[in-house]
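Working notes, structure below.
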Amino acid sequence: MAVNLQVLPLAVTMMMGPQIMCAIILVTTERARACSLAFLVGVAGATAVGVTIARGVFGLLGGEISPAPASDAGSVGTAVQIGLVAVLLAVAVKNYARRDTAEPPKWLRELLGADPWKAFTTGFLVILLMPSDILVMLTVGANLAQSGTGPGAALPFIGATVAVAALPLLGLLLFRGRAERAMPRIREWMESHGWLVNIVACLIFIALIL
């Protein structure tokens, strides 16, 4: 059995924010193709590890606690949903309030000189250590536990996440010169509007929860 199709859109949320910015920055480096491929391997590995751990945790809990929708309005699952929505709303408000002073993390700019190994470790860590991605992987893990399927059923979700992460590289391969000229401008826009990207990610996740 495959993972519930309702969680597949979460693959977009997985890459919203610094995650997709990493992918865009890497296609503007001297070793764009090698670094981008290494980044995708890191993203795939981290997503697989995260979902497997989440599936194991919820499997041990017997599905009693889950961020997935619950039919009982008074259940623990519903309480967790409400808590997640509250946290995401708070994050969205915080990003909007700090929009004028928001700056991209220093490590993002350091990717301009990245080699494939740095690109791989960045792809791995930016997924496993990002709070929004942890929430998504917990949701997918809970979905797997509730349906009684193993981590292998999450392959469509993992594939969708990697596909979203690969969009900048695909753009480079398909459009070459035009992509090489456009990517730096896209990178600059996302660096100055990272707060907006984060808000959109929060709203998407809230909509999927509700």
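The values are calculated or read from the model by the stated rules, or taken from the named source; none is laboratory data. On a predicted model such as this, the values are computed, not experimentally measured, just so you know. A quick note on method: Cβ atoms are made from the backbone with ideal geometry, for glycine too, and the neighbour counts reach across all protein chains shown. Surface accessibility is based on the protein's heavy atoms, side chains included, excluding ligands, DNA and RNA. Shrake-Rupley method; radii C 1.70, N 1.55, O 1.52, S 1.80 Å.
Out of 179, 145, which single residue is at pLDDT 70 or above, crowded, with 19+ Cβ neighbours inside 10 Å and either in contact with a Gly (Cβ under 6 Å, 6 or more places away or on another chain) or among the charged types (D, E, K, R) (or both)?
So the residue among 179, 145 that is at pLDDT 70 or above, crowded, with 19+ Cβ neighbours inside 10 Å and either in contact with a Gly (Cβ under 6 Å, 6 or more places away or on another chain) or among the charged types (D, E, K, R) (or both) is 145.
Between a residue in the stretch 160-177 that is of a type in the set (A, V, I, L, M, F, W, C) and any residue that is part of a loop (DSSP other than H, G, I, E, B), which pairs come within a Cβ distance under 8 Å, given they are 6 or more apart or on different chains?
160/8; 164/15; 165/15; 169/27; 172/27
For the stretch 107-119, what are the residues that are open to solvent by 60 Å² or more (accessible area, probe 1.4 Å) and assigned to a helix (DSSP H, G or I)?
Matches in the stretch 107-119: 107, 109, 110, 112, 113, 117, 118.
Which members of the stretch 29-58 meet the condition of being of a type outside the set (A, V, I, L, M) and open to solvent by less than 40 Å² (accessible area, probe 1.4 Å)?
Result: 29, 35, 36, 39, 42, 45, 47, 50, 56, 58.
Would you check if residue 115 is acidic (Asp, Glu), modelled with pLDDT of 85 or more and closer than 15 Å to residue 19 by Cβ?
For residue 115, the condition - acidic (Asp, Glu), modelled with pLDDT of 85 or more and closer than 15 Å to residue 19 by Cβ - is not met.
Kindly establish whether residue 78 is polar (S, T, N, Q), at pLDDT 60 or above and open to solvent by 30 Å² or more (accessible area, probe 1.4 Å).
No: the conditions fail for residue 78.
Quick check on my filter: what residues within the stretch 148-172 are surrounded by fewer than 20 Cβ atoms within 10 Å (Cβ to Cβ), modelled with pLDDT of 90 or more and not hydrophobic (A, V, I, L, M, F, W, C)?
Scanning the stretch 148-172 gives a single hit, 159.
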